[in-house]
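**Student:** Dropping a structure here in structure tokens format, bear with me for questions.
Nothing in this text is a laboratory measurement; each read-out follows from the coordinates by a stated rule. No experiment lies behind these values; they were computed from the predicted model shown. Neighbour counts run over all protein chains shown; Cβ positions are idealised from the backbone, glycine included.
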Amino acid sequence: MFISVLELFKIGIGPSSSHTVGPMAAAHDFRQRVGEFLAEHGNIHDTYVRCTLKGSLAYTGKGHATDRAICLGLHGYVAKDLATENVDELILHVWNQTTITTDVAKFTTRFSPKTNIIFDRGEPFAEHPNGLRFELLDVSNVVLLSQVYFSIGGGFISTLGEISQVVAPLQMQASAAHPYPFDSAASMLDMAQEQHISIAEMKLANELLRHKKARLFQGLDDIWQAMCHCIQRGLKAEGILPGGLKVARRAKGLHDQLLENARGVSVNDWLCAYAMAVNEENAAGQMVVTAPTNGAAGVIPAVLYYAVKFEQANLDQVHTFLLTAAAIGGLIKYRSSISGAEVGCQGEVGSAASMAAAGLCAIRGGTPEQIENAAEIALEHHLGMTCDPVKGLVQVPCIERNGFGAIKAYVAASLALRGDGKHFMPLDNCIEAMKQTGLEMSYKYKETSLGGLAVNITEC
């Protein structure tokens, strides 16, 4: 099993990796397929594109800006290219256009997001709760080209033909091809003990089989700089978040208070300020890093930023943190899921907290056994957490929840470092418990906004 750190952490835009970044990638891919089809069949005249959203995408797609993402993707944009763009202005430019032009031979076909995106709340696709069907139709509404995609967490997509080969959500490379092919926490610890090597060193050796060293470390640096930029921008921003809930940004006010009067300030206060800054940026559709998802994007940056600012972690330790966190995140993705639509928020914020706890434990000198313990503690205390965003927006309870996830990660690392790494519940078993809990969780609590907090709010 191998998932690259550069795949797990991706620079993109908010508010959702599965409902924004993934659908944009799917739309961009279908745009390419349309161009190739029209080139092969002689540019059939008077065609149009239709997109049907199923499952969680249909229920919360409006609040998660799925329709905007599809529009941008069909016009040739991908999330990583929008990190420095004013997305709101870009949407104003493309939303009212009635045609798209393909890169292949510059063919033109009709598409209007107002009429050609369908939110179908009927029976979802059996393969995954985040499904999209794109179709190219002629003037008689005959389907000329059709492709089903699944947005399977963390911004990754899979076609209908690929979904059976997907594990967690990636088509895995053969584990035997890597120097340390661990596919469980148990095998990871065995290899670390046998080779007298750290988890970060094993992860690095595996990465260097795919990436040149300079490219890998430049990628890690880019990820870290993007995380810092997101925190710093969020700590300066004020105003009301979009979407209609009229939720005010609070990170700047909280941070200003901490700076003005440091008496009685705890690590919890700083972690909440940093995490909330990130997730307020995410809710506003600005640049964030999937860590491992957008909905949980504040946890890892908050813990790492605190370690750099208050514990003098250096750049080498930043690399160690990210590599260790990615090793744990890869195990969770492989053995369970990070998609809120599949397993609830335990798979998003819970996974992020587990990864952050492992990373922090590593740079504080933790042994592989202590790191595994830290990851398990953080994940264990998120089990059963539902994904029930109010009005389908990644705001309530998502923004505060990232602050609490960061706090749990910090406590988990500290607690693990007080022990010798021996503990009752193995990380593998905890990941399995999360998977089973997610499978048994009602769809109402898996990013559909049909239960929990989402239906217990009085609108004035």
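**Student:** Calculate, in nm to one decimal, what residue 45 and residue 32 gain on full extension: separation in residues at 0.36 nm each, minus their alpha carbon distance.
**Tutor:** Contour length minus Cα-Cα distance gives 3.0 nm.
**Student:** Moving to a separate point now. Please give the length that would be gained between residue 414 and residue 316 if that part of the chain were fully extended, namely 0.36 nm times their separation in residues minus their C-alpha to C-alpha distance (nm, one decimal).
**Tutor:** Full-extension gain reported as 33.2 nm.
**Student:** Would you order 75, 381, 45 from fewest to most other beta-carbon atoms within 10 Å of each residue's own beta-carbon?
**Tutor:** Ordered by Cβ neighbours within 10 Å, fewest first: 45, 381, 75.
**Student:** Going by how many other Cβ atoms sit within 10 Å of their own, how do 441, 24, 385 line up, fewest first?
**Tutor:** The fewest-first ordering by Cβ neighbours comes to 441, 385, 24.
**Student:** A follow-up question, please. What Kirkwood hydrodynamic radius do you get for segment 332-417 when you take the inverse of the mean 1/r over all pairs of distinct Cα atoms, in Å?
**Tutor:** After inverting the pairwise mean of 1/r, the radius is 12.8 Å.
**Student:** Still on this model: Evaluate the Kirkwood expression for the hydrodynamic radius of segment 175-455, namely the inverse of the mean inverse distance over all pairs of different C-alpha atoms, and round to one decimal in Å.
**Tutor:** 18.8
**Student:** Any idea how far apart residue 121 and residue 140 come out in nm if each label point goes 7 Å out from Cα toward Cβ?
**Tutor:** 3.5
**Student:** What residues have an amide H closer than 5 Å to that of residue 145, excluding those fewer than 5 places away on the same chain, when H is modeled at 1.01 Å from N in the peptide plane?
**Tutor:** Distant-sequence amide H within range of residue 145: 136.
**Student:** Ok, one more. Whole-Hz Karplus ³J(HN,Hα) for segment 61-69, in order, using 6.51 cos²θ - 1.76 cosθ + 1.60 and θ = phi - 60°, x for Gly and Pro?
**Tutor:** For segment 61-69, the Karplus curve yields x, 4, x, 9, 6, 5, 5, 5, 5 Hz.
**Student:** Rounded to the nearest 500 deg cm²/dmol, what is the calculated helix-only ellipticity per residue at 222 nm for the chain, with -39500 (n - 2.57) per DSSP H run of length n ≥ 4?
**Tutor:** Helix contribution divided over all residues of the chain: -14500 deg cm²/dmol.
**Student:** If neighbour count is taken as other Cβ atoms inside 10 Å, put 144, 8 in order from fewest to most.
**Tutor:** Final ranking by Cβ density, sparse to dense: 144, 8.
**Student:** Taking amide H atoms as placed 1.01 Å from N in the peptide plane, list the residues 5 or more away in sequence, or in a different chain, whose amide H sits under 5 Å from that of residue 10.
**Tutor:** Residues meeting the amide H criterion: 290.
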